Amino acid sequence: MRRWSPETWAQLFLPRRLAPGQLSVNLNKRKAFIWPTLSRYVAVEPPELLAFRVYGPGARWSYRLEPQDGGTRLVLRRDLLGGRRTLISRVIATLALGGIEEHDDELVVGMDRTLDAISADVTVRGA
């Protein structure tokens, strides 16, 4: 993800093979602020679905491939578990990430950038 994500700065997968239950230790970066997160991959269903839960913010991120008009559509989602942010997520967003709404807006812009970057990679590799 760090290749495409504007916020993920570094990742370490434990173990190295992608499978359900796998952990990922991540370093995220926004301007000068760097913070760690821990993720667990909850769905690995090649080639249709990749989903992981990020502990700390309590979010589930997923990438799903869907057929669309003779091609393929990539859907990226970020769902808050229980529909709410965790206390630690609210505190960090407020103190270090410019505010909750501002960071949510940045995440949406970052998700669009991620989808554009993946699309560009797929286009180059498919050409």
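What FRET efficiency comes out for LEU18 versus VAL75 if R0 is 22 angstrom and r is the Cβ-Cβ distance? Round to the nearest 0.05. The computed FRET efficiency comes out at 0.70. Considering only PRO67, VAL91, GLY110, and ranking their Cα positions along the charge dipole of the range 8-126 that arises from unit charges at the beta-carbon of Lys, Arg, Asp and Glu, the one farthest toward the positive end is VAL91. For the range 16-92, trypsin sites (Lys or Arg not before Pro) are listed when DSSP marks them as loop and at most 11 other Cβ atoms sit within 10 Å of their Cβ; the list is ARG16, ARG17, LYS31, ARG84. What angle do you read, to the nearest 10 degrees and between 0 and 90, between the alpha-carbon axis of helix 87-96 and the longest principal axis of the chain? Helix 87-96 sits at roughly 80 degrees to that axis. Is any residue of the range 95-124 close enough, with backbone N under 18 Å, to a label point placed 7 angstrom from the Cα of LEU65 along the Cα-Cβ axis, and if so, which? It comes to 115-124, nothing else. Return the label of the correct value of P(r) over Cα pairs in 10 Å bins from 0, in percent, as calculated from the structure shown, out of (1) 12, 39, 30, 13, 6, 1; (2) 12, 42, 35, 11, 1; (3) 13, 46, 32, 8, 0. Only one option fits the structure, namely (2).
Here the simple spin-label model places points 7 Å from the Cα toward Cβ, and for GLU48 and ILE88 these points are separated by 3.3 nm.
Across all directions, the average projected area of the convex hull around the alpha carbons of the range 71-125 is 5.0 nm². Between helix 100-126 and the chain there is an angle of about 20 degrees, using the helix long axis and the longest principal axis of the Cα atoms.
Since every read-out is calculated from the coordinates, none of them should be taken as a lab result. What you see is a predicted model; the values in this text were computed from it and never measured. With ideal geometry, Cβ positions are generated from the backbone for all residues, glycine too; neighbour counts draw on all protein chains shown.
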